[in-house]
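To start, the structure under review is shown below, and the notes come after it.
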Amino acid sequence: MSDIGPILLLNGPNLNMLGVRQPEVYGRETLSDVVALVGETAARHGVQIVDFQSNSEEALINRLHESLGNIAGIIINPAGFTHTSVALRDALVIPDVPIVEVHISNVHAREEFRRHSYVSPIATAVVAGMGTFGYVAALEFLVRLLGSQDEVAP
Ligand code: DQA
């Protein structure tokens, strides 16, 4: 096991429908495929993934509250809540850990309303348009970031 604590993998509304939802935009992989892929990558680094998907803003916020003190980083695809939710953004800063915001599609090349994110200003990094590989990229980044923080720790 590495010294890096668990990473919370959060997925917002409609991402449970990955694979069947607009496959021309989001691809054919299911959310289970994505979680398995991230899990395999995490296992190679000896890092634990805690994954949670909900269509409910309340459930996502409650999950963040429960994570206080228990996680080292957050990977989140806030989905539609990206563009609407001040409350989710407020909850995301509570655990006070690095956050990577992931979008499967390139939100900047789509409708105008998808260009604004309430989450990006409080995220350490933002990934968009890499397809589901974006989740793996987010994890690799967090492992590197959190690993280097360990090195400089007293
Ligand atoms: C998304 C982009 C959002 O605009 C959209 O509401 C989603 C998915 C993405 O992964 O590309 O549900 O976050």
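The values are calculated or read from the model by the stated rules, or taken from the named source; none is laboratory data. Treat the numbers as computed from the prediction; the structure is a model and nothing was measured. Cβ: placed from backbone, ideal geometry, glycine included. Neighbour counts: every protein chain shown. SASA here: full protein model, heavy atoms, side chains in, ligands and nucleic acids out. Shrake-Rupley method; radii C 1.70, N 1.55, O 1.52, S 1.80 Å.
Heavy atoms only, probe 1.4 Å: what % of the accessible area of the chain goes to carbon and sulfur, would you let me know?
52 percent
Output the direction-averaged projected area (hull surface divided by four) of the convex hull of the alpha-carbon atoms of region 7-147, in nm².
Its average projected convex-hull area is 7.4 nm².
How large is the charge dipole for region 7-147, taken about the Cα centre, if only the Cβ atoms of Lys, Arg (+1) and Asp, Glu (-1) carry charge, to the nearest 20 debye?
In debye, rounded to 20, region 7-147 gives about 220.
Suppose only helical runs count, i.e. DSSP H with n ≥ 4. What mean residue ellipticity at 222 nm does that imply for the chain under -39500 (n - 2.57) per run, divided by all residues and rounded to the nearest 500 deg cm²/dmol?
Computed ellipticity for the chain at 222 nm equals -11000 deg cm²/dmol.
Just to confirm the filter: which chymotrypsin sites (Phe, Trp or Tyr not before Pro) across region 1-82 are DSSP coil and have at most 16 other Cβ within 10 angstrom of their Cβ?
Within region 1-82, no chymotrypsin sites (Phe, Trp or Tyr not before Pro) qualify (loop, at most 16 other Cβ atoms within 10 Å).
So, taking all protein chains as they sit and a 1.4 Å probe, how much accessible area belongs to R115, in Å² rounded to tens?
Estimated to the nearest 10 Å², R115 gives 120 Å².
Non-local amide H neighbours of G73 (under 5 Å, H modeled in plane, Pro and chain starts lacking H): which ones?
Here the answer is L8, since their amide H atoms fall under 5 Å of that of G73.
With a probe of 1.4 Å, find how much accessible area the chain has per residue, and write the answer as a whole number in Å².
I get 49 Å² per residue for the chain.
Shape verdict for region 37-80, please, from the Cα gyration tensor: rounded (a/c under 1.5), prolate (a/b greater than b/c) or oblate.
oblate
In the neighborhood of V100, defined by Cβ-to-Cβ distances under 13 Å, what is the net charge if each Lys or Arg adds +1 and each Asp or Glu adds -1?
Residues near V100 contribute -1 overall.
May I ask you to list the GluC sites (Glu not before Pro) in region 50-154 that are in a DSSP loop and have at most 11 other Cβ atoms within 10 Å of their Cβ?
Taking region 50-154 and a limit of 11 other Cβ atoms within 10 Å, the loop GluC sites (Glu not before Pro) found are E111.
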